[in-house]
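J.: Sharing a structure here in C-alpha cells format.
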Amino acid sequence: MHGYNHFIDGEKSDLPLGKIVCVGRNYAAHARELNNPLPTSPVLFIKPNTALTAIDPQIIIPTALGECHFETEMSLLIGKQLCHCNENEATAAIAGVGLSLDLTLRDIQQDLKDSGLPWEKAKAFDGACPSSAFISQAQAGDLQNQKIRLYKNGQLHQDGNTSDMLNPVLPLLTYISQFFTLLPGDMVLTGTPAGVGPLQVGDKLVLELSDLIHCETEVISA
Ligand code: ZN
C-alpha cells in the first residue's frame, strides 16, 4: 500500500484504503478450469489493505513461493457504508469501478485447499491486489456488460464479460453486506473470468475493462 492512493476520474480521492472483499468462482468457466464445483452461495474472502498496490507501471511478485497466477477482475470502490443493504443502497455506494489483479500463489493455495485450510497466505500477501485508478459509475455505464481482457506478452489470455457473472454486482454487494459491513474506502473484487495462468518476472501485461480502462505493466521480482 506504500504510495498507493485511490483515484476516481483522474482525481485523488479522500477515501481511505480499506479492506478488499473478494468473491471466488463467480464465473462458471473459471470454476471449471480449476476443477472446482460451482458454489451454491458466493465464496468470499478478504485481502487486507496491505495487499493494495498500483497496477502500473510495474507489479512485484514473490518468486520463491511457487506459481503466482494472475486473475483479472472488475473491482469496485465503496463510497458509503453498507450493512445488510438492499440493491438501491448498493448502487448508491459504488464510488468507482476499476480493474484489479487478484494475485494468487496457486501452489500454496492448492496445498491449503488439499489440507482443508484457509487460503490467506495464497491470496492476502503484501502486494496481492494491484489495482488501477477508478472511473465513476456514470463513466462506466452498465456494470454487467463490460469486457475484461488480459494480454500477457502480446497474447490474449483472458477474454471475459461481466455479463457471465454468477452473482452480479448488486446481489453480490447485498450478500457481502450480510457478513461484512463495507466501509467507505473498502473495495470489492467481483471474480475472474477463465484464462488465469502463471506470471514470470519480465512478463508484460495489458489489462482492459472494455474501452474504459487500459493498463500496461511489467512483472518484476521483490
Ligand atoms: Zn479471484
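J.: In terms of modelled amide H atoms, which long-range or inter-chain residues lie less than 5 Å from the amide H of Cys68?
T.: Close amide H contacts, sequence-distant or interchain: Arg106, Leu199.
J.: Still on this model: Please name whichever of Leu183, Thr104, Asn88 sits farthest to the positive end of the charge dipole of region 81-222, dipole taken about the Cα centre and charges placed at Cβ: Lys and Arg +1, Asp and Glu -1.
T.: Of Leu183, Thr104, Asn88, it is Thr104.
J.: Here's something else I'd like to know. Which of Pro198, Pro37, Pro184 moves the most in a Gaussian network model of the chain with Cα springs under 10 Å?
T.: The residue that fluctuates most here is Pro37.
J.: Could you count how many Lys pairs in region 18-221 have their Cα atoms under 12 Å apart, skipping same-chain pairs fewer than 8 positions apart?
T.: Lysine pairs, 8 or more places apart or on different chains, close enough: 5.
J.: While we're here: In a Gaussian network model over the chain where Cα atoms closer than 10 Å are linked, find which of Thr162, Thr192, Thr40 has the largest mean-square fluctuation.
T.: Thr40
J.: While we're on this one: What's the carbon and sulfur percent of the chain's accessible surface, probe 1.4 angstrom, rounded to a whole number?
T.: That fraction is 50 percent.
J.: For Leu38, Leu44, write out the residues from largest to smallest accessible area, computed with a 1.4 angstrom probe and no ligands counted.
T.: Correct descending sequence by accessible area is Leu38, Leu44.
J.: Given the whole protein assembly as supplied and a 1.4 Å probe, what does the accessible area of Phe7 come to in Å², nearest 10?
T.: 80 Å²
J.: Using only the Cα atoms of region 166-222, build the gyration tensor, take square roots of its eigenvalues as a ≥ b ≥ c, and label the shape rounded, prolate or oblate: rounded if a/c is under 1.5, else prolate if a/b is larger than b/c, else oblate.
T.: prolate
J.: Which whole-number value in Å² is the accessible area per residue of the chain, probe 1.4 Å?
T.: Per residue, the chain has 44 Å² of solvent-accessible surface.
J.: Something else about it: So what are the ³J(HN,Hα) numbers for region 44-56, from phi and the Karplus equation (6.51, -1.76, 1.60; θ = phi - 60°), rounded to whole Hz, Gly and Pro as x?
T.: Karplus-based 3J(HN,Hα) across region 44-56 equals 10, 8, 10, 9, x, 5, 5, 7, 6, 7, 5, 7, 9 Hz.
J.: Taking amide H positions as placed in the peptide plane 1.01 Å from N, state which residues far from Ser13 in sequence (5 or more) or on other chains have amide H under 5 Å from it.
T.: His6, Phe7, Ile8
J.: Could you pull out every residue, at least 5 positions away or on a different chain, whose amide H is within less than 5 Å of the one on Leu99? Hs are placed 1.01 Å off N in the peptide plane, and Pro or chain starts have none.
T.: Distant-sequence amide H within range of Leu99: Ser75, Ser132.
J.: Could you give me the radius of gyration and the Dmax of region 18-221, taking only the C-alpha atoms into account and expressing both in angstrom?
T.: So, for region 18-221, Rg and Dmax equal 15.6, 45 Å respectively.
The values are calculated or read from the model by the stated rules, or taken from the named source; none is laboratory data. Here the structure is a predicted model, which means the values were calculated and not measured. Glycine gets a Cβ as well: all are built from the backbone with ideal geometry, and neighbour counts include every protein chain shown. The area values use the complete protein model at the heavy-atom level, side chains included, leaving out ligands, DNA and RNA. Shrake-Rupley method; radii C 1.70, N 1.55, O 1.52, S 1.80 Å.
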